[in-house]
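Novice: To start, I am sharing the structure in question, which I have written as structure tokens.
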Amino acid sequence: EVWVRGRAYDATLESAGLWWPNRDFVMVCERPTEIHREQIAPRGWGSHRLHNAQGPAVGFSDGTGVFSWHGTTVPADLIEEGWDTARILREKNTEVRRCAIERLGWDQFIVDAQLESIDEADDPGNPGQRLGLFRVPAQVYDQPVNVLLVTNASPERDGTRRRFGLTVPAEVTDAVAAAAWSFDVSKSDYLALERAT
């Protein structure tokens, strides 16, 4: 059968996904077989980001994929197997390390890594919740920091309230002052939230 250029182009275009034009060639890949994302804002540009806690966020028919944790590209084994604290502490990329800690859970990471507790307090800006301030070993982040463990004030779509760590300067050693610092307000202003609620 004689090759018909138009028919070949049509067949290629039907299965083509992303493409990158270059001066001497065009690189084309097949369409993904699956895409997982989460909504982070109202509709429109930037309203979604790639995320899948169980497998690839973007999967292709040949079994390859892109793994993503809340918009950050991560190694496949972080998602597929999960990392223990020892593996997390060996990770050189700060963003990947943060994602791995979130996946493990900050509460578990704090216990496993034996982070030193600096201060604890009730959270004036989030009634019924506790703040915990911990000293972080030098190998976890690229600079000396403390981590403030907080609870999200607004529930997730499934009703749960996520616990997460916020990095604060190492010289901040008061949990309420650390929470105030994260909002760029004074400790006294943050404490005033308790009376307002």
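Novice: Counting only GluC sites (Glu not before Pro) that are in a DSSP loop and have at most 10 other C-beta atoms within 10 Å, tell me the longest site-free stretch of the chain.
Specialist: By the stated rule (loop sites, at most 10 other Cβ atoms within 10 Å), 2-80.
Novice: Considering Cα pairs under 8 angstrom that are at least six residues apart, work out the relative contact order of the stretch 97-160 and quote it in whole percent.
Specialist: 24 percent
Novice: Of all the accessible heavy-atom surface of the chain, with the other protein chains kept in place and a 1.4 Å probe, what percent is carbon and sulfur?
Specialist: 51 percent
Novice: For the chain, what is the charge dipole size about the Cα centre, in debye to the nearest 20, if Lys and Arg each add +1 at the Cβ and Asp and Glu each add -1 at the Cβ?
Specialist: 420 debye
Novice: Take the stretch 74-197, drop everything but the C-alpha atoms, weight them equally and run the Debye formula without solvent; then report log10 I(q)/I(0) at 0.11, 0.15, 0.16, 0.19 Å⁻¹ to two decimals.
Specialist: The Debye formula, applied to the Cα set alone, gives -0.40, -0.72, -0.80, -1.06.
Novice: If you don't mind, another one. Got a sec? Charge dipole of the stretch 25-77, +1 on Cβ for Lys and Arg, -1 for Asp and Glu; which of I40, L50, S61 is way out at the positive end?
Specialist: My answer, from the dipole projection, is I40.
Novice: Moving to a separate point now. With a point put 7 Å past each Cα toward its Cβ, work out how far A192 is from N22 in nm, to one decimal.
Specialist: Result for the modelled spin labels: 5.9 nm.
Novice: For the stretch 39-117, what does the alpha-carbon gyration tensor say about shape, rounded, prolate or oblate, given a ≥ b ≥ c as the root eigenvalues, a/c under 1.5 as rounded, and a/b over b/c as prolate?
Specialist: Since a/c reaches 1.5 but b/c is at least a/b, the shape of the stretch 39-117 is classed as oblate.
The values are calculated or read from the model by the stated rules, or taken from the named source; none is laboratory data. Quick caveat: nothing in here was measured; it's all calculated off a predicted structure. Note that each Cβ is placed from the backbone with ideal geometry, even for glycine, and that neighbours are counted across all protein chains shown. Heavy atoms of the whole protein, side chains included, go into the accessibility calculation; ligands, DNA and RNA do not. Shrake-Rupley method; radii C 1.70, N 1.55, O 1.52, S 1.80 Å.
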